[in-house]
Amino acid sequence: MITELNMQLARQRMRESPSEDEQRYTQALRLNLGAALIAIGNCPAAQQALSEVRLESGRGISQATVDYLRAVCYKQVGQVAEARALFEAASQAQGALLTEHGPAISYLARLELLTLGAAAQK
């Protein structure tokens, strides 16, 4: 899947004047690439992919989705302060979703904050 996403991104980069729809498609490819890289534990590459994603704030898959995924990466590599800041911001993002049909980013971020709090107390 990662290879396919990278190939599709390479094809998108070759377009000279991408339309607005093509730009949204590119953002979706980058977001999915970041999520796939997190799934295999390659957080540095995931952070790179996610750093290039620019989505609107608001409902559905949005910038809060990106921030949540970036926070997951920070947590996995032990950068707790950075993770906490992004999880706190994401916990306030009402209506933001992880995928098209959920779950809610605010809920997931609050769960992560609870685990970070529990880890800090040990």
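Restricting attention to the stretch 88-110, which residues are of a type in the set (D, E, K, R) and at pLDDT 95 or above?
88, 110
In the stretch 1-87, which helices (runs of 4 or more DSSP H) lie fully inside it and hold 3 or more residues that are in contact (Cβ under 8 Å) with a residue 40 or more places away in the chain, closer than 22 Å to residue 109 by Cα and not hydroxyl-bearing (Ser, Thr, Tyr)?
63-76
For the stretch 31-67, how many residues meet the condition of being within 10 Å of the chain's Cα centre (by Cα) and within 21 Å of residue 93 (Cα to Cα)?
Number satisfying all stated conditions: 15.
For the stretch 1-30, name all the residues that are of a type in the set (Lys, Arg) and under 11 Å from the mean Cα position of the chain (by Cα).
Scanning the stretch 1-30 gives a single hit, 30.
Do we find that residue 30 is out of contact with any Phe, Trp or Tyr (no Cβ under 6 Å at 6 or more places or on another chain), over 20 Å from residue 112 (Cβ atoms) and modelled with pLDDT of 95 or more in this structure?
Taking the combined requirement at face value, the residue satisfies it.
Looking only at the stretch 39-61, count how many residues are under 17 Å from residue 97 (Cα atoms) and either surrounded by 18 or more Cβ atoms within 10 Å (Cβ to Cβ) or of a type in the set (Val, Ile, Thr) (or both).
Total satisfying the criteria: 4.
Which ones in the stretch 66-107 are closer than 18 Å to residue 28 by Cβ, touching a helix residue (DSSP H, G or I) at 6+ places or on another chain (Cβ under 6 Å) and open to solvent by less than 40 Å² (accessible area, probe 1.4 Å)?
Those that are closer than 18 Å to residue 28 by Cβ, touching a helix residue (DSSP H, G or I) at 6+ places or on another chain (Cβ under 6 Å) and open to solvent by less than 40 Å² (accessible area, probe 1.4 Å): 66, 67, 68, 69, 96, 105.
Considering only the stretch 103-122, how many residues are closer than 16 Å to residue 63 by Cα and over 14 Å from the mean Cα position of the chain (by Cα)?
1
The values are calculated or read from the model by the stated rules, or taken from the named source; none is laboratory data. What you see is a predicted model; the values in this text were computed from it and never measured. In this analysis, Cβ positions are derived from the backbone assuming ideal geometry, glycine residues included, and neighbour counts consider all displayed protein chains. These area figures cover heavy atoms from the full protein model, side chains too; ligands, DNA and RNA do not enter into them. Shrake-Rupley method; radii C 1.70, N 1.55, O 1.52, S 1.80 Å.
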